[in-house]
Amino acid sequence: MFDVACVGILVADVIVSPVEKMPEKGILCPVDSIELFSGGNAMTASINLKKMGMSSAMIGMVGDDRFGDFLTGCLKQYDVCIDGLKRTDKAQTSASTLLISEGGERSFWHCEGANGIFSIDDIDMEIVKQAKTVFVTGSFLMNTFDGAQTAEFLKRCKELGKTTVLDVCWDSKDRWGTLLNQVLPYLDIFMPSIDEAREIAKKETVEEMAETFLNLRAKSVVIKCGSDGCYLRENMDAPGVMIPACKGVTAVDTTGAGDSFCSGFLAAYSKGMDLKSCAEFGNATGAHCVMERGATTGIKSFEEIYEFMCAQKEG
């Protein structure tokens, strides 16, 4: 059995730091570092979960190229199950170039690549059957799988009795609710960022956003609010609560912060913690992420992050 099957995007992240402005055409601009890391919501979550002592499986697609070799090697390094990882010669491995400012904020160039042709037919349901929780993440960057296919897949997961969780990416094609609203009825937990939630719900406050998603039949809503922490609404009958971010954290690189929050939330959920504690643990995991460069570099063991979380609550 797996604690979590992570379904969605894998991305090779080329991280350039620090970048305060774009060089003029034809001009060389020196930077301190250019490094290659694993990335993509689903891949990041699968590795983070293993680093925290959970069992995870990765279901997705990479190309038959060097980036694909690199990402596959990263998953093997952390002993993530890759039986559900497909390789294709029809598209390159998805990749991003991330420009990191002195303050740790990011700008992206992104190539959808193999993530864009990944489909429901590429999913091995035998692996899904072995998972307690199914985490779909990277929505809006999976052109084929987004929308109707995601809804159908999650419907099948619910028929198998699985806990279903979903996170999204920024939708540069501006489809938002058109794709996502059909998915929400099959979700136990929906956890977008506040910027994404605003675009999907077309509301301005987290309270209104969460209410909208619950009305569309998501069971629980967690909205990631960056340096402000997160907002949790457990169900339609429960009041929402704002859970503040961890204090005294210096951000080096915010790459993967939201994915790390989700990873921590899922790790705590797998341990049987209540949803508020899961959200607090998610905040603590996100804090560890931003203190190092790369999406997975700063993640520690579950015990270390739990100790940090407890110290934050006492302090």
**Report entry** Which listed residue, of V31, V19, is among the β-branched types (V, I, T) and either under 23 Å from K300 (Cβ atoms) or touching a Leu at 6+ places or on another chain (Cβ under 7 Å) (or both)
**Finding:** V19
Report task. Can you run down the residue pairs with Cβ atoms below 8 Å, 6 or more apart or on separate chains, where the first is in the stretch 240-253 and more than 14 Å from C230 (Cβ to Cβ) and the partner is charged (D, E, K, R) and assigned to a loop (DSSP other than H, G, I, E, B)? Result -> V252/E292; V252/R293; D253/E292; D253/R293
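Results for (1) modelled with pLDDT of 95 or more; (2) aliphatic (A, V, I, L, M), shown as yes or no for each residue.
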site	(1), (2)
D13	no, no
G26	no, no
D32	no, no
E35	no, no
M54	yes, yes
I59	yes, yes
Q77	yes, no
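When you go through V80, V62 one by one, which is the residue that is free of Cβ contacts under 8 Å to residues at least 60 places away in the same chain, more than 13 Å from A12 (Cβ to Cβ) and among the hydrophobic types (A, V, I, L, M, F, W, C)? Let's see the steps before the verdict.
Details: V62 fails: more than 13 Å from A12 (Cβ to Cβ).
Answer to the check: V80.
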Requested in this report: Out of R175, R156, report the one residue that is modelled with pLDDT of 95 or more, more than 16 Å from the chain's Cα centre (by Cα), of a type in the set (K, R) and more than 16 Å from A45 (Cβ to Cβ).
Outcome: R156
Query raised in the report: If you go through the stretch 107-119 one residue at a time, do you hit one that is modelled with pLDDT of 95 or more, open to solvent by 60 Å² or more (accessible area, probe 1.4 Å), part of a helix (DSSP H, G or I) and not small (G, A, S)?
Result: no
Query - Filter pass, G60 being open to solvent by 20 Å² or more (accessible area, probe 1.4 Å) and touching a Phe, Trp or Tyr at 6+ places or on another chain (Cβ under 7 Å) - result: no
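List the helices (runs of 4 or more DSSP H) that sit entirely inside the stretch 202-311 and contain at least 2 residues that are touching a helix residue (DSSP H, G or I) at 6+ places or on another chain (Cβ under 8 Å) and of a type in the set (S, T, Y). If you could, list the steps in order and put the result at the bottom.
Working: elements: 206-215, 257-270, 275-290.
Passing ranges, in order: 257-270, 275-290.
The values are calculated or read from the model by the stated rules, or taken from the named source; none is laboratory data. The structure presented is a predicted model; accordingly, all values stated were derived computationally and were not measured. As a convention, Cβ positions derive from the backbone with ideal geometry for all residues, glycine included, and neighbour counts pool all protein chains shown. The accessibility values were calculated without ligands, DNA or RNA, using every heavy atom of the protein model including side chains. Shrake-Rupley method; radii C 1.70, N 1.55, O 1.52, S 1.80 Å.
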